[in-house]
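Take a look at the structure set out below.
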Amino acid sequence: MFCRNCGREIDSQTATCPNCGAQARVPAPGVAKTTWLLLCLICLLAGLLIGGGAITLLRNASAARDEAALQADEEDAETDDGVKDARAGDREEDALAEDDEDDDNGGGIFATQRYNANTQAVASELITYGSTVVQYWKTPHSQGGAGQELQYLTPGLIGPIIGFNENINGKRGLTNPDWGKFYIHSVDGYTVTLIGIGNSRKGGRYPRVTTRVDTRTGEIQSVVDDVPAD
């Protein structure tokens, strides 16, 4: 075997030339190729790992940005809703203030609506009280009713039955903070007259409903008018 560098003869088992120090043996092509493939594979795997991590980081960053944007949109929406509610409240207060001013001048849309609703509520309550009076009249005295006897048809006995336990202008009555005042106006024979005065004012007047209850027939009739505000 001869050295490829200096051309002198050397031992075939030596790795380097003892004369010039050059490499005596060339690595087998298969070994070099295998080493190259291993390096390429390692680089490829490293690239995949790095690339996968980068993609994951990008996705996480994108998700975080989306979540932050969504939260910001929700906060903006809440703020807008709060502003809208506040403006709606201001408009309602302004409307009520204008309505009160209109009421002092004799009317107004909101005053009329409240007045009509209050009138209907008072009339409905009186019908309920009237129905209870009729039931009391028909119930036997042994069961706590009047037993269809006139001696038991008095304001003092009717009042507790329908919950009229207050003294309103010398009459047995009830103050309902939602609707107004109710009282037993009179008992004339078989007819019981109930009156309700609402608490909603329009044009300086309150609604008044007079309900007459015929205990014998069970007929209940109501008449609506108004009274001056105090």
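The values are calculated or read from the model by the stated rules, or taken from the named source; none is laboratory data. Fair warning: this is a prediction, and the values are worked out from it, not measured in the lab. Virtual Cβ from ideal backbone geometry, glycine too; neighbours counted across all protein chains shown.
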message = Looking at the range 128-136, can you tell me whether even one residue there is of a type outside the set (Gly, Ala, Ser) and more than 21 Å from residue 223 (Cβ to Cβ)?
response = yes
ask   = How many residues, within the range 166-188, are in contact with a helix residue (DSSP H, G or I) (Cβ under 7 Å, 6 or more places away or on another chain) and on the phi > 0 side of the Ramachandran plot?
value = 1
key: Residues that are in contact with a Lys or Arg (Cβ under 7 Å, 6 or more places away or on another chain) and surrounded by 16 or more Cβ atoms within 10 Å (Cβ to Cβ), drawn from the range 160-184   = 164, 168, 173, 183, 184
query = What do you reckon, is residue 66 of a type outside the set (Lys, Arg), at pLDDT 70 or above, under 34 Å from the mean Cα position of the chain (by Cα) and surrounded by 10 or more Cβ atoms within 10 Å (Cβ to Cβ)?
reply = yes
key: Subset of the range 130-158 [free of Cβ contacts under 8 Å to residues at least 40 places away in the same chain, assigned to a helix (DSSP H, G or I), touching a strand residue (DSSP E or B) at 6+ places or on another chain (Cβ under 9 Å) and surrounded by 12 or more Cβ atoms within 10 Å (Cβ to Cβ)]   = 155, 158
query = Filter the range 198-215 for residues that are under 14 Å from residue 181 (Cα atoms) and basic (Lys, Arg); which is surrounded by the fewest Cβ atoms within 10 Å (Cβ to Cβ)?
reply = 208
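Starting from residues that are under 34 Å from the mean Cα position of the chain (by Cα) and assigned to a strand (DSSP E or B), keep the ones in the range 175-192 and report whichever is nearest to residue 117 (Cα to Cα).
Step by step, filter the range 175-192, then rank; the result is 180.
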task = Kindly establish whether residue 224 is surrounded by 21 or more Cβ atoms within 10 Å (Cβ to Cβ) and part of a strand (DSSP E or B).
result = no
inquiry  = With under 25 Å from residue 178 (Cα atoms) and either in contact with a Leu (Cβ under 8 Å, 6 or more places away or on another chain) or modelled with pLDDT under 95 (or both) as the only criterion, which of 120, 113 stands out?
reply    = 113
key: Residue that is farthest from residue 132 (Cα to Cα), among those in the range 180-211 that are touching a Gly at 6+ places or on another chain (Cβ under 6 Å) and among the aromatic types (Phe, Trp, Tyr)   = 206
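When you look at residue 195, is it more than 39 Å from the chain's Cα centre (by Cα) and either at pLDDT below 95 or closer than 25 Å to residue 139 by Cα (or both), yes or no?
no
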